Amino acid sequence: MLTLISHKNLQTIIRFSGHAIREFLTHADASKFRGEAKTAITLFQSNPLNFSDDKLVAYGWDTVAAIDHPVRIEVRGDRPEGAAQMVAKGIWGPKRTQVAKEIGKKCQELGLGLHLKLAGTSSIEFNVEGVDKALPIRFLQGAFEEVLKEMHYQPGARIDSSKSKTVIAADGDGTIYDGPRVGLLPSLADSPTKDALIAYLRAGGVFMLISGNDLNRTFKRLVEALPQDVYCRVLVAANGGADLVHVNSKGQAVPISGYRKQALDLIHDKSHHLELDMVYIGDDGAKEGNDYPAFKAVGFKNSVLVAQEFLADYDPALKEGYVGGLLQGTREFLEKFLQNHTP
């Protein structure tokens, strides 16, 4: 089963999403919002014709749209067979949860086989059912040795992950680097986690970034800040878990063989399952958030939550692994992990 959404289904959810975004912006009171939300509401109410479906649709490769347009319907990983993910961005506050449930019900009634997740402050992510941040984790648990060979993995100075099965997986925005803001797309190069992550990679540990964002942008934001000698220890899963790539010696993204076609089937085959020395670091502990499937996949004892504060709707099982601090929390964890997992 492919991890891709068919183009026919994309058109349906673009229609649902465009209508929902316009409904929200029509009835929202700009005085009750701030920042990009307030600006978007004001712009819509002054010129709603600029928010038609054809003007809202953008593509993942369009970095300018991602930085400058907080209201959009973004198609990610578009290819002849379909798209890896679609994201509707532009509904803020409690209304977003209600809209996601309503659109999810419509998709279910039509038998589209899609799963909806909330992300950031105004996004609703659409993926094929079964595609989420847990998918690359479970795939790696079932195909670890094969993936290491494909990556051309080489042990580091202190860790041989082919023996120790050492893997750190992590979210991107708010965890490894800052989240995007209008006019700015922060990367690892700007992040306090950079030196600690490179030290871990040079020690020999495998790192897998798992992002709900576009693959091309995610890859660039991470890899351009890494030295070439650690490329063989880096994996990037993005588009909500629909795509998984490794980094070749030239710093290019190379798809892991069979992932798009086999991942959804392989995760149900327990005969090749390996117990990895693996943790997942994320900044969202909500059960409806897109980090939650990854926390469940590694187990709550191996989950590290770096959210700024532990909110009331977070799963209490994540309390044990709560360190807070967002990027600084990730940096501190990476440093301690390296101290505890090397001679």
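The values are calculated or read from the model by the stated rules, or taken from the named source; none is laboratory data. Keep in mind that this is a model prediction, so the values were computed, not measured. When we count neighbours, we look across all protein chains shown, and the Cβ atoms used for this are built from the backbone with ideal geometry, even at glycine. Quick note on the areas: whole protein, heavy atoms, side chains included, nothing else; ligands and nucleic acids left out. Shrake-Rupley method; radii C 1.70, N 1.55, O 1.52, S 1.80 Å.
Would you point out the residue of region 8-42, among those that are within 30 Å of residue 128 (Cβ to Cβ) and of a type in the set (S, T, N, Q), that is most open to solvent (accessible area, probe 1.4 Å)? Ranking the candidates gives 11 first.
Residues that are open to solvent by 80 Å² or more (accessible area, probe 1.4 Å) and either of a type in the set (Gly, Ala, Ser) or part of a loop (DSSP other than H, G, I, E, B) (or both) within region 331-343 comprise just one, 343. Scanning region 123-131 for any residue that is surrounded by fewer than 20 Cβ atoms within 10 Å (Cβ to Cβ) and among the small types (Gly, Ala, Ser) turns up at least one such residue. The number of residues in region 138-186 that are open to solvent by less than 40 Å² (accessible area, probe 1.4 Å), in a helix (DSSP H, G or I) and more than 15 Å from residue 234 (Cα to Cα) comes to 4. One residue alone among 257, 303 is open to solvent by 40 Å² or more (accessible area, probe 1.4 Å) and of a type in the set (Gly, Ala, Ser), and that residue is 257.
Any residue at all in region 189-199 that is closer than 24 Å to residue 341 by Cα, touching a strand residue (DSSP E or B) at 6+ places or on another chain (Cβ under 9 Å) and among the charged types (D, E, K, R)? Yes, some residue in region 189-199 is closer than 24 Å to residue 341 by Cα, touching a strand residue (DSSP E or B) at 6+ places or on another chain (Cβ under 9 Å) and among the charged types (D, E, K, R). Sub-9 Å Cβ pairs linking a first residue in region 1-17 that is within 13 Å of residue 239 (Cβ to Cβ) to a second residue that is of a type in the set (Lys, Arg), at least 6 apart or interchain, are 2/260; 2/261; 3/260; 3/261; 4/79; 4/260, ordered by first then second residue. Here the condition is being farther than 30 Å from residue 115 by Cα and in contact with a helix residue (DSSP H, G or I) (Cβ under 7 Å, 6 or more places away or on another chain); of 338, 305, it holds for 338 alone. Of all residues in region 306-330, those satisfying the criterion of being more than 20 Å from residue 132 (Cβ to Cβ) and either open to solvent by less than 60 Å² (accessible area, probe 1.4 Å) or among the polar types (S, T, N, Q) (or both) are 308, 310, 324, 325, 326, 327, 328, 329, 330.
In summary, helices (runs of 4 or more DSSP H) completely within region 14-123 and bearing 1 or more residues that are modelled with pLDDT of 90 or more occur at 35-46, 53-56, 95-109. When restricted to residues that are at pLDDT 95 or above and farther than 16 Å from residue 145 by Cα, region 256-282 contains 4.
In region 217-244, the qualifying residues are those that are surrounded by 20 or more Cβ atoms within 10 Å (Cβ to Cβ) and polar (S, T, N, Q), and the one that is farthest from residue 133 (Cα to Cα) is 218. Residues of region 266-318 that are closer than 20 Å to residue 197 by Cα and either of a type in the set (A, V, I, L, M) or in contact with a Cys (Cβ under 9 Å, 6 or more places away or on another chain) (or both): 276, 278, 279, 281, 294, 298, 304, 305, 306, 307. Take the residues in region 260-287 that are over 18 Å from the mean Cα position of the chain (by Cα) and assigned to a helix (DSSP H, G or I); name whichever of them is surrounded by the fewest Cβ atoms within 10 Å (Cβ to Cβ). Per the criteria, the residue is 271.
A count restricted to region 300-329 and to residues that are part of a loop (DSSP other than H, G, I, E, B) and in contact (Cβ under 8 Å) with a residue 12 or more places away in the chain stands at 12. Pairs meeting the criteria (first residue in region 192-208 and part of a loop (DSSP other than H, G, I, E, B), second residue modelled with pLDDT of 95 or more and of a type in the set (Ser, Thr, Tyr), beta carbons under 7 Å, at least 6 apart or on different chains) are 193/330; 204/161; 205/161; 205/166.
Hey, can you tell me all the residues within region 88-99 that are without any contact (Cβ under 8 Å) to a residue 40 or more places away in the chain and open to solvent by less than 20 Å² (accessible area, probe 1.4 Å)? Once the filter is applied, which keeps residues that are without any contact (Cβ under 8 Å) to a residue 40 or more places away in the chain and open to solvent by less than 20 Å² (accessible area, probe 1.4 Å), region 88-99 yields nothing.
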